[in-house]
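Since every read-out is calculated from the coordinates, none of them should be taken as a lab result. If you're wondering where the values come from, they're calculated on a predicted model, not measured in any experiment. Cβ placement follows ideal geometry from the backbone for every residue including glycine, while neighbour counts extend to all protein chains displayed.
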């Protein structure tokens, strides 16, 4: 934080950083939806190929290609999601730094204390204390990033099955 920064200047910096944080958080959610949509389309295409042409070389080849594409899609998405998670974390830390210089601003400090440091946060006006449950601790972005791994495992199993079907179909011919 710049030495001698004025309170109005810090408020403006806080607003700007908050907008960036919200933008990147919304972008992350949009990417999650896009990953699910892309995988739904691939699963639908896989089902169509297998239903229209079951047990053939063409169906096995289509399944292998769709599975390979799904696997690559999940890998690329995971890399992008990791980078975005780090960027969101950087924005959160920047907001904490700016809040430190602003009187009465505690939102991100409280969130950080409760969700990342696992400390209780007191709310005098409500007469209560908040402490995240054990299962809720830690960044949600890390949990969301497991989605691509789970889908990637699915596509790896489909790919393995398609390769086995290809070999079986070729040997049968």
Given a Förster distance of 41 angstrom, what is the FRET efficiency for residue 137 paired with residue 173, based on the Cβ-Cβ distance and rounded to 0.05?
-> 0.15
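Per 0.36 nm of contour for each residue apart, how much would the distance between residue 166 and residue 30 grow if the chain were fully extended, relative to their Cα-Cα spacing?
Between residue 166 and residue 30, full extension yields 45.4 nm more.
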Packing-based exposure ordering (other Cβ within 10 Å, fewest first) of 144, 12 | 12, 144
Grab the DSSP H runs of the chain that are 4 residues or longer, score each as -39,500 (n - 2.57), total them, divide by all residues and round the 222 nm result to the nearest 500 deg cm²/dmol.
-> -27000 deg cm²/dmol
What distance in nm separates the simple spin-label points at residue 18 and residue 40, each placed 7 Å from Cα in the Cβ direction?
-> 3.3
Measuring from the longest principal axis of the C-alpha atoms of the chain, the long axis of helix 57-100 (C-alpha) lies at a number of degrees, nearest 10, equal to 0
Using 0.36 nm per residue of separation minus the Cα-Cα distance, give me the extension gain between residue 156 and residue 76 in nm, one decimal.
-> 27.3 nm
Calculate how large, on average over all directions, the projected area of the Cα convex hull of the chain is; give the answer in nm² to one decimal.
-> 13.3
Relative contact order computed over the chain (Cα-Cα under 8 Å; 6+ residues apart), in percent | 33
Footprinting exposure proxy for 74, 91 (fewest neighbouring C-beta atoms within 10 Å first) | 91, 74
Distance between the stretch 111-173 and the stretch 44-79 - C-alpha centres, whole angstrom | 24
Using only Cα atoms, tell me the angle between helix 7-52 and the longest principal axis of the chain; keep it within 0 to 90° and round to the nearest 10.
-> 10
Please report the base-10 log of the normalised intensity I(q)/I(0) for the stretch 69-108, using a Debye sum with one equal scatterer per alpha carbon and no solvent, at each q in 0.16, 0.18, 0.31 (1/Å).
-> -0.53, -0.58, -0.92
Helix 140-172 sits off the longest principal axis of the Cα atoms of the chain, rounded to the nearest 10 on a 0 to 90 degree scale, by 10
